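The next block holds one structure in the form of structure tokens; read it before the comments.
Quick note: the coordinates plus some simple rules give every number you see, no bench work behind them. Since the model is a prediction, treat every value here as computed from it, not as a measurement. All Cβ positions, glycine included, derive from the backbone under ideal geometry; neighbour counts span all protein chains shown.
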Amino acid sequence: MPLSKEEIELIKRILGHEPRAEELAMFESQWSEHCSYKSSRLLLKLLPSHAKHVIIGPGRDAPAVEVFPGVAIVFKIESHNHPSAVDPYNGAATGIGGIVRDILTLGAKPIALLDLLYLGNPRDPHANWLVRNIVKGISDYGNRIGVPTVAGDTWFDKSFNKQPLVNVACIGLVETKKLLTAAPEPGDLILVVGNSTGRDGLLGSSFASRPLSEDTDKDLGAVQVGDPLIEKLLIDVIDELVNRNLVKYIKDLGGGGLTTAISETAADYNLGVEIYLDKLHVRESDLTPLELLVSESQERMLIVTDRSRLRQVVELLEHYEVPYSIIGSFNNSGRIKVYYKEKLVADVPAKDLAHPPALERPYKPPVKVIDLWKSISIPEPNDIADAIVKVFGSLNIVSRRWIYEQYDYGVGIRTVLEPGRADAAVLRLLDGTNRGIAVKGDANPRYTSIDPFRGGANAVAECFRNLVAVGSEPLAIVDELNAGNPEKPEHYWFFAQMVKGVAWMADELKLPVVGGKVSFYNENERGEQVKPTTTIVGIGRIHDVSKTLTIDLKEHGSSIMILGTTYPELGASEYLYVVHGIEAGEVPIPRPSLELRVASLMRQLIRNNYVKSAHDISVGGLIVALLEMAVTGGLGLNIDLSKVPTRGIRRLDELLFSESQARYLIEIDEGNVDKILKLASEYNVEASVIGKVVDKNHIELRYNSRKITVLDLEFLAELYYNNLGKAIEG
Amino acid sequence: MAKIAILKFPGTNCDYDVLWAIKSVGNLDAEIVWYKDFSVKGWDAIIIPGGFSYGDWLRAGAIAARTRAVERIAEAVSQGVPVLGICNGFQILIEAELLPGALLLNDSGKFVCRWIRLKIEKPKGPWLLLAYDGQEVDMPVAHAEGRYYVEDYIQIEALPKIKYLDGWNPNGSAYNIAGIGSSDGLVLGLMPHPERAAEPILVPRGFSTGGSIVFKSISKALKSGW
């Protein structure tokens, strides 16, 4: 977004003179929504970010959480929505590059990636092109840098046909004592390492801070192009620089390029900076000072070291053949002075540049949203088996194998539970112990587009359940809020409500929101916002990765138990959309106190070794969770639906497809049923055995003695594993 | 104690994984060696691990195969030092013509990461010392250019081979070839990743630790010959 008239006046007052072109470009870049959070900063203060185990909260390039004594996890989420809409391959690839570099800034080793993709209908030719190239971009980049892509989330919806949401997250591992927490000091040297600076991505952050234009070709110059080989070299060399204690401070040259990196660093530590642009290693010799300041060329990082260690730093960079330039140093002035060939081209106060005034944006609920919440009257399906197959075969339900098999999820030999096996991915620390972490990302764009408060809250709750279901203890989350145009009060309302929903649920579940990102201007070419979406990525701690739980049924004769209560909550459900073509209704009520009780019970059951497989119940409802367990385990089920604990349920479709929160399915030995029921009542959780695992090729559903339907396991497995590939490749 | 060099190029990414497997499963000493620092002397065996040397630019393995380090590997082979190439390492050995055939883009046109079942045929040499003919093993693959091609099967008929079991060929390889050795088995290359299949904790339900045979074999071979 170009600067507003008021902003230009303010800049004149800050500088005390007519701004030079370079100075104006620096302000435009840094004061963009993408870099400055000017429209979101005030509301983001609502998010709880403190806890005993939080070492670094929001503010740095990435937060850090102590998961075990002396072991820290650094993790962060990022969006590359706008670049991916214009150039899906490079847009998605450079999203991976950027998030990995954020993790490197704290000295952590990147050990896992997640991709959270909200994509258009793959049967639409344009959306199909986006889907294939976004996945290929992540595959080619992520695989080449040797960081496994272990988990994610995918949603298909025609609202994303032109403007997809590409959110990526990275997880890093570092010894707490090696975390780079030091501050740069006056006299310290500034190096730019990695890729040379070119003309790509000029003012890319500014481009990401406005709606897509009609003619997207014009924006192509604002999309960066990635080079994963240099990124991999950066990963290796930073690992060694940190291990040998040669650097003090690192920052990514991401959105806003050099301008953002130096102005934020100087502002954060009350420093001034002197830099010499002609020292930068460049791709093209005719770059102007302005272009050098705002270029967003990828795979560049700013590293800070003192003069005594410079020689060793340089030796190491040369050994690994990583290009670098020493461009300047810090001082006490509080000003950023930029020189080009001995000429002063910019002189601005660091703090004023880094932190534009926050904007208090007005918001109001769109009237048509309220209308979506009215009661919905639908006929009960005549053919329930047909409805089940339609929901189970929905692209929002079926296996994501077509996507995750294009990712190297095993490199690094930490991946204990890879994609497709469990509710969350599990990684071992690989430190000779059995300790590890669980990671998962979740969103439901339909929920947040109908009721952003509940949708935001439910995304947090679902991530929490997924982490619990594998047997981990959830520790922290990061959020990505994908919203529309903050200048439009009816768009901004969604953002405000999503923040409040996340803040409330995170508080209730005692999950600190340690970091996050905001993406505005996710609109189509007609100025309509795409479905506003809250994406949550969470991590959990695991003491023994060999005891983690997968979703696949294990054994003939086991009992299937449901934990939690099912309410008539079909609003905004997958069933309502797939079978009745309705995207409306009341989004399921978030139930934090029940979430906490069921989660405590789950952890107790897992500690007692009672649970053989576990699965959280979410989109698609009870029946989908049951079928997923059967299909992945290759075993059949006999289920009596009359045994499901319910409240207010009157119809079979409500029972099968309700998306009530705070529910899990577990597979257990029959002999433990009484002990588990006793524990459930101690934890004040409704629980009931609803059926048995059978070594047969079908799933039989009945209600008391009334037979409802019998579904063929092989047919369902074919649907589950191949439907997505068919939809994309035809 | 025998010592193994794990050769690292710009873009190699399975170096640490192989180091871990060599130490924890093979109980051998090993070191990651930057390609420029590599010399033949002092190594009892050499492994070129997986990854994307030089970003797979041009063709997978093509640039690394033309480095001084790989010339030295050819010297090492002539001196009787065992060499193993895994995934990108296999691609490099093929590009360097230390093993026959070619590795092409997968028939799906896409990268594929998946556990598969394999069968070892005519095992020979230090890397497959403990394997028997027809032994079935499981490992994951993770590659985009792994479709093996050879003009005539006669060229490779007598060689040690690792084949995908019928129905498990992930890339359209000719004759289900997943890996191939030199006639004496001193050089072995394979697309699947033994280092990811050497510990039970990494193995999904329904598969087994098929990779450990490689590390146990080299360990025994370097201790008591082959």
Plugging the Kirkwood radius over Cα pairs into Stokes-Einstein for region A:309-411, at a temperature of 37 °C and a viscosity of 0.692 mPa s, what D comes out in µm²/s? 143 µm²/s
Ranked highest first by the average count of other Cβ atoms within 10 Å around their residues, in what order do A:646-654, A:12-20 fall? A:646-654, A:12-20
Beyond 13 Å, the calculated P(r) of region A:220-287 holds a percent of Cα-Cα pairs equal to 77 percent
What does the charge count around A:Asp640 come to, taking other residues whose C-beta lies under 12 Å from its C-beta (Lys +1, Arg +1, Asp -1, Glu -1)? +4
Per 5 Å bin, what percent of the C-alpha pairs of region B:11-107 does each bin hold, from zero upward? 3, 13, 25, 27, 19, 10, 4, 1, 0
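Could you line up A:Asp674, B:Asp107 from fewest to most neighbouring Cβ atoms inside 10 Å?
A:Asp674, B:Asp107
Averaging the inverse of every distinct alpha carbon separation and then flipping it gives the Kirkwood radius. What is it for region A:603-686, in angstrom units?
Taking every pair of different Cα atoms in region A:603-686, averaging 1/r and inverting gives 14.0 Å.
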Anything in chain A that counts as a DSSP H helix reaching 20 Å or more along its axis (C-alpha) with Kyte-Doolittle mean of at least -1.0? List them, would you? A:88-104, A:125-144, A:228-243, A:452-469, A:489-508, A:592-607, A:713-729
Percent of all alpha-carbon pairs of region A:483-535 at distances over 16 Å, whole number, is 43 percent
How much mean residue ellipticity at 222 nm does chain A get from its helices, if each DSSP H run of length 4 or more adds -39500 (n - 2.57) and you divide by all residues, to the nearest 500 deg cm²/dmol? -10500 deg cm²/dmol
Shape call for region A:29-115, from the Cα gyration tensor axes a ≥ b ≥ c (a/c under 1.5 means rounded, otherwise prolate when a/b beats b/c, else oblate), comes out oblate
Under a no-solvent Debye model with one identical scatterer per Cα of region B:3-224, what's log10 I(q)/I(0) at q = 0.10, 0.13, 0.17, 0.18 Å⁻¹? -0.37, -0.64, -1.19, -1.37
Cα gyration tensor of region A:462-587 diagonalised, 5x eigenvalues square-rooted, in angstrom largest first, produces semi-axes 32, 22, 13
Spin-label point model (7 Å from Cα, Cβ direction): what's the B:Leu165 to A:Arg307 distance in nm? 6.7 nm
Rounded to whole Hz, the Karplus (6.51, -1.76, 1.60) HN-Hα couplings of region A:475-487, x for glycine and proline: 10, 6, 9, 10, 10, 10, 9, 9, 9, x, 8, x, 7
Taking amide H positions as placed 1.01 Å from N in the peptide plane, with prolines and chain starts having none, which residues 5 or more places from A:Ile336, or on another chain, fall under 5 Å of its amide H? A:Val273, A:Val348, A:Ala350
If you take every residue apart from B:Ala69 with its C-beta less than 12 Å away from the C-beta of B:Ala69, what net charge results, scoring Lys and Arg +1 and Asp and Glu -1? +2
Take peptide B:10-21, look around each residue's Cβ out to 10 angstrom, count Cβ atoms belonging to other protein chains, and average those counts. 5
Summarise the partner chain shielding of B:98-111 as one whole number: the mean count of Cβ atoms from other chains within 10 Å of each residue's Cβ. 2
Looking at region B:89-135 from every direction and averaging, what is the projected area of its Cα convex hull in nm²? 4.6 nm²
Region B:3-224: relative contact order as a whole-number percent, Cα under 8 Å and 6+ apart: 21 percent
Students often forget the sequence filter, so: which aspartates and glutamates lie under 15 Å Cα-Cα from A:Lys158 once same-chain residues fewer than 8 apart are removed? A:Asp124, A:Glu523, A:Glu525, A:Glu528, A:Glu574, A:Glu583
Among B:Ile4, B:Gly172, B:Tyr54, the residue whose Cα sits farthest towards the positive end of the charge dipole of chain B (+1 at Cβ of Lys and Arg, -1 at Cβ of Asp and Glu, taken about the Cα centre) is B:Ile4
Between B:Asn27 and A:Val314, the two model label points (7 Å from Cα along the beta-carbon direction) sit apart by a distance in nm of 4.9 nm
Counting only residues 5 or more places away or on other chains, whose amide H sits under 5 Å from the amide H of A:Val694 once H atoms are built in the peptide plane? A:Gly557, A:Gly636, A:Leu637, A:Asn638
With a/c under 1.5 counting as rounded, go ahead and sort region A:340-400 into rounded, prolate or oblate using the C-alpha gyration tensor (a ≥ b ≥ c being the square roots of the eigenvalues; past the cut-off, prolate if a/b is larger than b/c, else oblate). oblate
For the protein assembly as shown, what does the convex hull of the Cα positions come to per residue, in cubic angstrom? 159 Å³
What average count of beta carbons from other chains do you get within 10 Å of the Cβ of residues in B:45-54? 2
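Can you work out D for region A:622-730 in µm² s⁻¹ from Stokes-Einstein, where Rh is the Kirkwood radius over C-alpha pairs, the temperature is 37 °C and the viscosity is 0.692 mPa s?
After rounding, the answer is 213 µm²/s.
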Once phi is turned into ³J(HN,Hα) by the Karplus curve 6.51 cos²θ - 1.76 cosθ + 1.60 with θ = phi - 60°, what whole-Hz value does each residue of region A:429-434 show in order, with x for glycine and proline? 6, 6, 10, x, 9, 9
Taking the mean number of other Cβ atoms within 10 Å as a proxy for protection, how do you rank A:560-566, A:101-107 from highest to lowest? A:101-107, A:560-566
A:Trp31, B:Trp20 arranged by Cβ crowding within 10 Å, fewest neighbours leading: B:Trp20, A:Trp31
On the first, second and third principal axes, largest extent first, how far apart are the outermost C-alpha atoms of region A:546-619 in Å? 42, 31, 21
By counting other Cβ atoms within 10 Å of each Cβ, how are A:Val348, B:Val77, A:Val468 ranked from fewest to most? B:Val77, A:Val348, A:Val468
Post the alpha-carbon centroid distance, region B:80-140 to region A:429-453, in whole angstrom. 36 Å
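Add +1 for every Lys or Arg and -1 for every Asp or Glu among the other residues with Cβ under 10 Å from the Cβ of A:Ala183, and state the total.
Summing Lys/Arg as +1 and Asp/Glu as -1 gives -2.
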Packing-wise, with mean Cβ within 10 Å as the measure, how do A:611-617, A:64-70, B:37-43 rank, highest first? A:611-617, A:64-70, B:37-43
Interchain or sequence-distant (5+) residues whose placed amide H lies within less than 5 Å of the amide H of A:Val518 are A:Leu481
Restricting attention to region B:131-206, which chymotrypsin sites (Phe, Trp or Tyr not before Pro) occupy a DSSP loop and are surrounded by at most 14 other Cβ atoms within 10 Å? B:Tyr132
Convex hull of region A:1-57 built on C-alpha atoms - directionally averaged projected area, nm²: 5.5 nm²
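Just in region B:124-210: which trypsin sites (Lys or Arg not before Pro) are loop by DSSP and have at most 14 other Cβ atoms within 10 Å?
For trypsin sites (Lys or Arg not before Pro) across region B:124-210 that sit outside H, G, I, E and B with at most 14 neighbouring Cβ atoms in 10 Å, the list reads B:Arg205.
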Using a Förster distance of 35 Å, the FRET efficiency for A:Asp669-A:Ile378 (Cβ separation, nearest 0.05): 0.30
Suppose every K and R has +1 on its Cβ and every D and E has -1 on its Cβ; what is the size of the dipole of chain A about the Cα centre, in Debye to the nearest 20? 1540 debye
Spherically averaged projected area of region A:333-464 from its Cα convex hull (nm²): 18.1 nm²
